Amino acid sequence: MGDQPSPSADIMTRSSLGRVSEFQACVMTFSARTVEGVTILDIRGALIEDAVSDFWETVRPLLLSGGVNVVVNLRDVPYVDSAALGEIIRVYTTATRLGGTLKLLHVHPRVRELLATTRLDTVLASLESEDDAVRSFGAASP
């Protein structure tokens, strides 16, 4: 397993161009893979309002095809805005309704502070190891 994505396990990759400010453009990349029945979504770049539809369009088909246990890897995500946080909650709610859940991996300190401020850190589990995140789901998922 390990913390590094396996290129052969990629099942989907999507990029989005967003704007962090009116002067700074940001490219976000979403890459999904499955490890022991758990969907790992690796994100690179700031997760902001301009990219939330791409985030949902990446995750939605995975959820609907049975990948309801989701780990969102935020190792390379230095910033999450309120719209993106709302979208993470949307994915969490959808996964929960379908019998799974969503957990966060490698949360940047700035994002962790946002989660604490909004008290979402009490709802969204946050782990520091991919192995621990996958194991936290217990037996293989659907």
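The values are calculated or read from the model by the stated rules, or taken from the named source; none is laboratory data. It should be emphasised that the depicted structure is a prediction, and the values quoted were computed from it without experimental measurement. Glycine also receives a Cβ, built like all others from the backbone with ideal geometry; neighbour counts cover every protein chain displayed.
Quick one: which residue in 39, 96, 29 is surrounded by fewer than 17 Cβ atoms within 10 Å (Cβ to Cβ), of a type in the set (S, T, N, Q) and assigned to a strand (DSSP E or B)?
Details: 39 fails: surrounded by fewer than 17 Cβ atoms within 10 Å (Cβ to Cβ); 96 fails: assigned to a strand (DSSP E or B).
Criteria check complete, one pass: 29.
If I go through the stretch 92-122 residue by residue, how many of them are free of Cβ contacts under 8 Å to residues at least 12 places away in the same chain, over 18 Å from residue 58 (Cβ atoms) and of a type in the set (S, T, N, Q)? Residues in the stretch 92-122 being free of Cβ contacts under 8 Å to residues at least 12 places away in the same chain, over 18 Å from residue 58 (Cβ atoms) and of a type in the set (S, T, N, Q): 3 in total. Among the residues of the stretch 39-54, those identified as in contact with a Lys or Arg (Cβ under 9 Å, 6 or more places away or on another chain) and within 22 Å of residue 130 (Cβ to Cβ) are 39, 40, 41, 42, 43, 44. Residue count for the stretch 62-81, restricted to those that are out of contact with any helix residue (DSSP H, G or I) (no Cβ under 8 Å at 6 or more places or on another chain) and over 15 Å from residue 36 (Cα atoms): 4.
Tell me yes or no: at least one residue of the stretch 102-111 is in contact with an Asp or Glu (Cβ under 9 Å, 6 or more places away or on another chain), modelled with pLDDT of 95 or more, crowded, with 19+ Cβ neighbours inside 10 Å and within 18 Å of residue 27 (Cα to Cα). No: zero hits.
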